[in-house]
1. Have a look at 46, 29 and point out the one that is modelled with pLDDT under 95, closer than 24 Å to residue 129 by Cα and surrounded by 15 or more Cβ atoms within 10 Å (Cβ to Cβ).
2. Enumerate the pairs (first residue in segment 37-61 and hydroxyl-bearing (Ser, Thr, Tyr); second residue anywhere and in a strand (DSSP E or B)) with beta-carbon separation below 7 Å, excluding pairs fewer than 6 apart on the same chain, so at least 6 apart or on different chains.
3. Residue check: is residue 97 hydroxyl-bearing (Ser, Thr, Tyr), out of contact with any Pro (no Cβ under 9 Å at 6 or more places or on another chain), over 27 Å from residue 23 (Cβ atoms) and not in a loop (DSSP other than H, G, I, E, B)?
4. Would you say residue 136 is modelled with pLDDT of 95 or more, surrounded by fewer than 13 Cβ atoms within 10 Å (Cβ to Cβ) and in a strand (DSSP E or B)?
5. Among the residues of segment 73-111, which ones are surrounded by 18 or more Cβ atoms within 10 Å (Cβ to Cβ) and either polar (S, T, N, Q) or closer than 18 Å to residue 29 by Cα (or both)?
6. Go through segment 106-127 and give me each residue that's assigned to a strand (DSSP E or B) and either out of contact with any Ser or Thr (no Cβ under 7 Å at 6 or more places or on another chain) or among the hydroxyl-bearing types (Ser, Thr, Tyr) (or both).
Amino acid sequence: MSVRLLHTCFFVTILLTNANAACLDISVGAAPVQLSGKLTREVFPGRPNYESIESGDEPEPAWILVLDASICADDEGELADPNIHFDKVHLYSTEESIRTVLAKALGNRVAVSGEGFFSHTGHHHAPLVVNVAAISAQ
């Protein structure tokens, strides 16, 4: 094997390793994720078929945070694929006070923090889902 080929393989390996090194850590026990972007609200088709509201599926609204740049997430091999990059995050909260702030901030830039996990059901409308614990306007 030539020295040039070895150097090329070495640098490609470093680039691929570093590409995922900056992924958001959403593994169990990780610190809360902190993200910012524009808060939007999208309506997706829900039950019974999750295909079309016009055809009778229930509307399923969701808070979507549109990020300024694509990110990736890593949960130590549970569900997330660190090779998938995305720029939308599905937000929700179990706290009424947070949901009130989300409603008031619609269309504006916000910063959020909370527990993040990779989507795994039809009710998750972005690759990353965050249970918002704190939100502030930017």
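The values are calculated or read from the model by the stated rules, or taken from the named source; none is laboratory data. Bear in mind that the values here come from a model prediction, so they are computed numbers and not experimental data. Cβ: placed from backbone, ideal geometry, glycine included. Neighbour counts: every protein chain shown.
1. Details: 29 fails: surrounded by 15 or more Cβ atoms within 10 Å (Cβ to Cβ).
After applying the criteria, what remains is 46.
2. Going by the 7 Å Cβ cut-off, the qualifying pairs are 40/64; 40/66; 52/45.
3. Values: hydroxyl-bearing (Ser, Thr, Tyr): yes; out of contact with any Pro (no Cβ under 9 Å at 6 or more places or on another chain): yes; over 27 Å from residue 23 (Cβ atoms): yes; not in a loop (DSSP other than H, G, I, E, B): yes.
Yes.
4. Details: modelled with pLDDT of 95 or more: yes; surrounded by fewer than 13 Cβ atoms within 10 Å (Cβ to Cβ): yes; in a strand (DSSP E or B): yes.
Taking the combined requirement at face value, the residue satisfies it.
5. Correct list: 73, 74, 75, 80, 93.
6. Just the residues of segment 106-127 that are assigned to a strand (DSSP E or B), to begin with: 109-118.
Within segment 106-127, 112, 113, 114, 115, 116, 117, 118 qualify.
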